[in-house]
Amino acid sequence: MGVEAALHGAAAAEAALHGALKLQPHVAGAFFALAACTVALAALLAVARTRPPWWCDCAVCEAYLTASWAGEFDNLCDWYAHLLRRSPSQTVHVHVLRNVLTANPVTVEHMLRARFDNYPKGKPFSAILADLLGRGIFNVDGDAWLFQRKLAAAELASPALRAFASGVVASELRGRLVPLLDSACSHDDDDDDGGKVLDLQDVFRRFAFDCICKISFGLDPGCLELSMPVSAFVDAFDTASMLSARRATAPLQIIWRLKRFFNVGDERKLRESVRLVDGFAAEVTRQRHKLGGAASGSDLLSRFMGSISDEKYLRDIVVSFMLAGRDTVASALTAFFLLLSDHPEVAAAIRDEVSRVAGGDDGDRPSFSKLKDMHYVHAALYESMRLFPPVQFDSKFAAGDDTLPDGTAVAKGTRVTYHAYAMGRMESVWGPDCSEFRPERWLRDGQFVPVSPYRYPVFQAGVRVCVGKDLALMEMKAVIVAVVRGFDIQAIERSSRRPKFAPGLTATFAGGLPVRVRRRARPPT
């Protein structure tokens, strides 16, 4: 019995030891995580105690850190616009972000033309967006940027591609967008509350998604069918865009970098979203390879595949196309129709011009050449983007010490941001009626007259000016003509006077844009 007891005891001890050894890695991992968090917290506390040179307790920095600005302003961009209007130089410095912001056209020209080489995107910016955009054109400098830009510019200037894109947009309008709006209309002309309520922002995002997939990838996702749920990719792309933008608001990059290292919080969600985006991009390139790759189509990706064989590089290009072709177009169109809902006289003027220029020749979908002759439509779209630019601001990082034209000293590594949203609201730039939606400010004797791109940097300016500008304008003007001529759009419980934006890389209205649609009677011919 004593021997058996001893054996049982030994067996129990061995089992306990084995169990302890199995637990040991988990315990060690937990202790390591705890120790790392403690070290990180200690580092942050040390930073707070030592007050590094860029730390500041001025009123602007205190308002940013405590978010006290939210008591008066609905959006961070509106607070920035307020600060820039009050500044004699139209420039402010948010020290805790090491960020100089400007709404001064002279300073914008300094950044984008005179000292372009000193204001690249920079490694800090590229790091913030690297997980989503990778080496895409919006996230690189130097030779990588120049290569993509030259290739994109050559293809986008091609008459064949422009004709292909124009056909895609016309097909989407005729076959999907116009019938969708028509189906949402009230059948009772006297029923102001009739018809379905549509989220016009969602509709335009779907429309732009279908168009960019056809134009850029030669694929049709059929996203504008509202009976279909939004694809997992679209949701993932939106989430990744929002969380990537949120990284830039952190006072210290180490905050989001630690979350990324430990795969927790927003960074965990971002990683999951990017994984879905990667899957979509891989499927797009696989489909193009299956269809014959570079030799098979008129779409942009097929043309890029003739020069690029790196699949990861192609993935980054696919994602960049998506950001440029879906988000910016949808943002601009959504803001345009919100403004139009508040200004029916502008809609009436658009209809007059469309009838005069297009006549009875397929007026809902006029040709590209006739769209170019619609100067008031062009002016109204530019005026809308002055007040609501799809990309509200753009940042560069100083490669070396500099002094801005207004006298602001910029140290190497400082983030310098020109704020297009604020610029559209500056009396010093646009006059005392800067807050008014007035397309006529762009017209002289009925002709559209552009201004300096450094005063209106909606499409950027200088050597980084948007290469897809003409294509985007064609698509948006085609939509405006078709929708305004055929329908009245009335926003529900939304006003362009006090918008509320959701976080993201492009301007998006929080809660969407709910509208009711009414069909207009055809004018007699």
Quick one: Karplus J couplings for the stretch 92-108, per residue in order, coefficients 6.51, -1.76, 1.60, θ = phi - 60°, nearest Hz, x for Gly and Pro? 9, 10, 9, 5, 5, 9, 6, 10, 9, 10, 9, 10, 9, x, 5, 5, 4
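Determine the order of ASP57, ASP238 by accessible area, beginning with the largest, at a probe radius of 1.4 Å.
The most accessible residue leads, giving ASP57, ASP238.
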Among all the aspartates and glutamates, which ones have a C-alpha under 18 Å from LYS269's C-alpha, if same-chain residues fewer than 8 places away are not counted? ASP131, ASP235, ASP238, ASP278
Evaluate the distance, in nm, between pseudo-label points positioned 7 Å from the Cα of SER89 and of THR403 along their respective Cα→Cβ axes. 1.0
Taking 0.36 nm per intervening residue step and subtracting the Cα-Cα distance, what contour gain separates ASP266 from ASP342 on full extension? 23.7 nm
Here the relative contact order (percent) of the stretch 115-189, from C-alpha pairs under 8 Å and at least 6 apart, is 16
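Could you give the length gained by full extension between GLN253 and GLU62, i.e. 0.36 nm per residue of separation minus their alpha carbon distance, to one decimal place?
Once the chain is fully extended between GLN253 and GLU62, it gains 66.9 nm.
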Carbon and sulfur atoms: what percent of the 1.4 Å accessible area of the stretch 283-419 do they account for? 53
Inter-probe distance in nm under a simple model that places probes 7 Å from Cα toward Cβ, at PHE116 and VAL197: 4.8
With 5 Å bins from zero, work out the P(r) of the stretch 453-496 over every alpha carbon pair and list the percent per bin. 5, 17, 15, 16, 16, 14, 12, 4, 0
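Assuming R0 = 41 Å, what is the FRET efficiency of ARG444 and ALA502, from their Cβ-Cβ distance, to the nearest 0.05? Write out the running numbers ahead of the final one.
On the way: r = 37 Å, r/R0 = 0.91.
Rounded to the nearest 0.05, the efficiency is 0.65.
How do ASP202, ASP470 stack up against each other in accessible area, from largest to smallest, with a 1.4 angstrom probe?
Result, largest first: ASP470, ASP202.
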Expressed in angstrom and ordered largest first, the alpha-carbon extents of the stretch 79-218 along the principal axes are 58, 42, 30
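How long is the gain from ASP220 to ASP433 if the chain were fully straight, where each residue apart is worth 0.36 nm and the alpha carbon distance is subtracted?
Extra length from ASP220 to ASP433 when fully extended: 72.3 nm.
Filter the GluC sites (Glu not before Pro) in the stretch 438-513 down to the DSSP loop ones having no more than 12 other Cβ atoms within 10 Å, then list what survives.
In loop regions of the stretch 438-513 (DSSP not H, G, I, E or B), the sparsely surrounded GluC sites (Glu not before Pro) are GLU493.
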Pairs beyond 24 Å (Cα-Cα), from LYS121/LYS412; LYS123/LYS290; LYS123/LYS150: LYS123/LYS290
Using only the Cα atoms, work out Rg/Rh for the stretch 94-173, with Rh taken as the Kirkwood radius, to two decimals. 1.11
Once the whole set of protein chains is in place, how much accessible area is left on PHE233, using a 1.4 Å probe, in Å² to the nearest 10? 20
Once ligands and nucleic acids are excluded and a 1.4 Å probe is used, how much of ILE492 is accessible, expressed in Å² to the nearest 10? 40
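Counting only protein chains, not ligands or nucleic acids, how are THR506, THR403 ordered by accessible area (probe 1.4 Å), most first? Spell out each step's value before the answer.
Details: THR506 10, THR403 80 Å².
Descending accessible area places them as THR403, THR506.
The values are calculated or read from the model by the stated rules, or taken from the named source; none is laboratory data. Everything numeric in this text was worked out from a predicted model, so none of it was measured. A quick note on method: Cβ atoms are made from the backbone with ideal geometry, for glycine too, and the neighbour counts reach across all protein chains shown. Calculation scope for accessible area: heavy atoms of the full protein, side chains included, ligands and nucleic acids excluded. Shrake-Rupley method; radii C 1.70, N 1.55, O 1.52, S 1.80 Å.
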